[in-house]
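Data first, discussion second: the structure below is written as structure tokens.
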Amino acid sequence: MANIGTVLRYPNREVYQSLNNSLLKTWTPAGQPTLGHKTRLGELLLANDFASMEHLFTAFFAGIPTDWYRNNPIAAYEGYYASVFYLYFASLGLDLTPEDSSNAGRLDMALRFNGEIYLFEFKVIELAPEGGARQQIKDNGYADKYRAARQPIHLIGIEVRRDQRTVARFDVETLSP
């Protein structure tokens, strides 16, 4: 008899990256430009070029066909936008923690990369006040559990407009080690 409590995991980093690449190609239009965006994301992350990263994510969402939203309420929810971001980062094979729990709550996504830590919080403007995404990271002290690492920590609040399905605000604050 099979163990019903078995948890499936990725057998290795290559399978993890391949699956997320496949999902990325399936959930976004025009596979080849998507791969170029993915490469660009890696370059921008290495440079901590947050302004260009905002433009890149705006382009990601602008490229999703409107028909994919027709009769589908998924774009009304924060989790949809967080999932698109997660897939792009995961397709690079990066060290990600979605729904990162702490004593103060749950951060949408944490990323460890190149000796730095990136903490992401996503908000849908129509469901939360503008300017609240990055402030939530600060108010809840989500960075506290990472301070002992003595690495730069980037607090990144991303707010989207569900009616336009685009990035409305990309707010970054960097904490020194």
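The values are calculated or read from the model by the stated rules, or taken from the named source; none is laboratory data. All values derive from a computational prediction rather than experimental measurement. When we count neighbours, we look across all protein chains shown, and the Cβ atoms used for this are built from the backbone with ideal geometry, even at glycine.
Within the range 91-120, residues that are more than 12 Å from TYR146 (Cα to Cα) and among the small types (Gly, Ala, Ser) reach partners that are at pLDDT 90 or above and surrounded by 18 or more Cβ atoms within 10 Å (Cβ to Cβ) with beta carbons closer than 7 Å, at six or more positions or on different chains, in the pairs ALA104/TYR142.
Residues in the range 162-177 include at least one that is among the charged types (D, E, K, R), surrounded by 15 or more Cβ atoms within 10 Å (Cβ to Cβ), closer than 22 Å to GLY63 by Cβ and without any contact (Cβ under 8 Å) to a residue 60 or more places away in the chain.
Of all residues assigned to the range 38-51, none qualifies as being surrounded by 15 or more Cβ atoms within 10 Å (Cβ to Cβ), at pLDDT below 80 and small (Gly, Ala, Ser). Taken over the range 80-112, the criterion of being under 22 Å from ARG40 (Cα atoms) and either among the β-branched types (Val, Ile, Thr) or touching a Gly at 6+ places or on another chain (Cβ under 9 Å) (or both) is satisfied by VAL84, LEU92, LEU94, THR97. Being more than 20 Å from LEU175 (Cβ to Cβ) and among the hydrophobic types (A, V, I, L, M, F, W, C) is a description that applies to ALA128. The one condition from (1) hydrophobic (A, V, I, L, M, F, W, C); (2) farther than 24 Å from ARG40 by Cα; (3) in contact with a strand residue (DSSP E or B) (Cβ under 7 Å, 6 or more places away or on another chain) that VAL160 does not meet is (2).
Listed here are the residues, each with its yes/no results for (1) hydrophobic (A, V, I, L, M, F, W, C); (2) farther than 17 Å from ASN48 by Cβ; (3) in contact with a Leu (Cβ under 8 Å, 6 or more places away or on another chain).
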residue	(1), (2), (3)
ALA110	yes, no, yes
GLY115	no, no, no
TYR118	no, no, yes
VAL124	yes, yes, no
ASP139	no, yes, no
ARG150	no, yes, no
ILE158	yes, no, no
VAL172	yes, no, yes
SER176	no, no, no
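Residues in the range 97-134 that are of a type in the set (Phe, Trp, Tyr) and out of contact with any Phe, Trp or Tyr (no Cβ under 8 Å at 6 or more places or on another chain): PHE113, TYR118. Mind listing whichever residues of the range 129-148 are free of Cβ contacts under 8 Å to residues at least 12 places away in the same chain and closer than 19 Å to TYR81 by Cβ? Passing the criteria: only PRO129.
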